[in-house]
Amino acid sequence: MRIVRVYTGQDGESHFEEMEAAFEKAGEMETTALQATTDVAFRRLPAGHVQDWHPAPRRQYVITLSGQAEIEIGDGTVRRFGPGDVILADDLTGRGHITRVVGTEARVYIAIPLK
């Protein structure tokens with residue numbers, strides 16, 4: 001399972017990094033290690049919504065449930081995320097990133113802050 005990490009580099013800009021979730025066998029199931037969390041929030045943003053440059057408010061997983069968003073980082077790279085895509089928002093300092101809700105439908109997502 002792919003996780004896209006958005007993190008702050010030594011240049012103070014946000015960057016993308018591809019990560020793979022580490023699954024382990026647990027009987028018939030495969031699972032990842034538990035990670036400590038603090039809260040869970042479901043959020044909805046309307047089509048066309050734009051969050052200008054901002055760092056992540058906390059280290060958190062963001063999982064799109066419906067709709068689509070684009071994230072732009074400091075070098076101008078833009079990636080699109082849709083239902084089932086998992087982002088680890090880890091760019092807590094620097095200029096951050098831009099988030100745009102694209103398409104005609106609202107983006108519904110879950111935010112899971114990490115301890």
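Within region 18-66, the residues that satisfy the criterion of being β-branched (V, I, T) and outside any loop (DSSP other than H, G, I, E, B) are T31, T37, V50, V62, I63, T64.
Looking across region 67-81, just one residue is surrounded by fewer than 18 Cβ atoms within 10 Å (Cβ to Cβ), in contact (Cβ under 8 Å) with a residue 40 or more places away in the chain and part of a strand (DSSP E or B), and that is R79.
Could you list, in sequence order, the residues of region 1-42 that are acidic (D, E) and within 18 Å of the chain's Cα centre (by Cα)? Talk me through it step by step, then tell me what you get.
Applying the first criterion (acidic (D, E)) to region 1-42 yields 11, 13, 17-18, 20, 24, 28, 30, 39.
Those that are acidic (D, E) and within 18 Å of the chain's Cα centre (by Cα): E13, E17, E18, E20, D39.
Looking at T104, is it among the hydroxyl-bearing types (S, T, Y), part of a loop (DSSP other than H, G, I, E, B) and over 26 Å from Q35 (Cα atoms)?
Working: among the hydroxyl-bearing types (S, T, Y): yes; part of a loop (DSSP other than H, G, I, E, B): yes; over 26 Å from Q35 (Cα atoms): yes.
Considered against the rule, which asks whether it is among the hydroxyl-bearing types (S, T, Y), part of a loop (DSSP other than H, G, I, E, B) and over 26 Å from Q35 (Cα atoms), T104 comes out as yes.
Of these, A33, A56, which one is modelled with pLDDT under 95 and aliphatic (A, V, I, L, M)? Exactly one of A33, A56 is modelled with pLDDT under 95 and aliphatic (A, V, I, L, M), namely A33.
In the list H49, H97, which residue meets the criterion of being at pLDDT 95 or above, within 12 Å of the chain's Cα centre (by Cα) and more than 22 Å from K115 (Cβ to Cβ)? Lay out the reasoning, then the answer.
Numbers: H49 fails: within 12 Å of the chain's Cα centre (by Cα).
The unique qualifying residue is H97.
Every residue, every condition in (1) charged (D, E, K, R); (2) touching a residue at least 60 places away in the same chain (Cβ under 8 Å); (3) open to solvent by 80 Å² or more (accessible area, probe 1.4 Å), yes or no:
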residue	(1), (2), (3)
A26	no, no, no
E30	yes, no, yes
L45	no, yes, no
Q60	no, no, no
T64	no, no, no
P83	no, no, yes
R95	yes, yes, yes
I98	no, no, no
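Which number in (1) open to solvent by 90 Å² or more (accessible area, probe 1.4 Å); (2) out of contact with any Pro (no Cβ under 7 Å at 6 or more places or on another chain) marks the one condition that W53 misses? That leaves (1) as the condition not met.
The values are calculated or read from the model by the stated rules, or taken from the named source; none is laboratory data. If you're wondering where the values come from, they're calculated on a predicted model, not measured in any experiment. Cβ sites come from the backbone with ideal geometry, for glycine too, and all protein chains shown count toward neighbours. We work out accessible area using only protein heavy atoms, side chains counted, and drop any ligands, DNA or RNA first. Shrake-Rupley method; radii C 1.70, N 1.55, O 1.52, S 1.80 Å.
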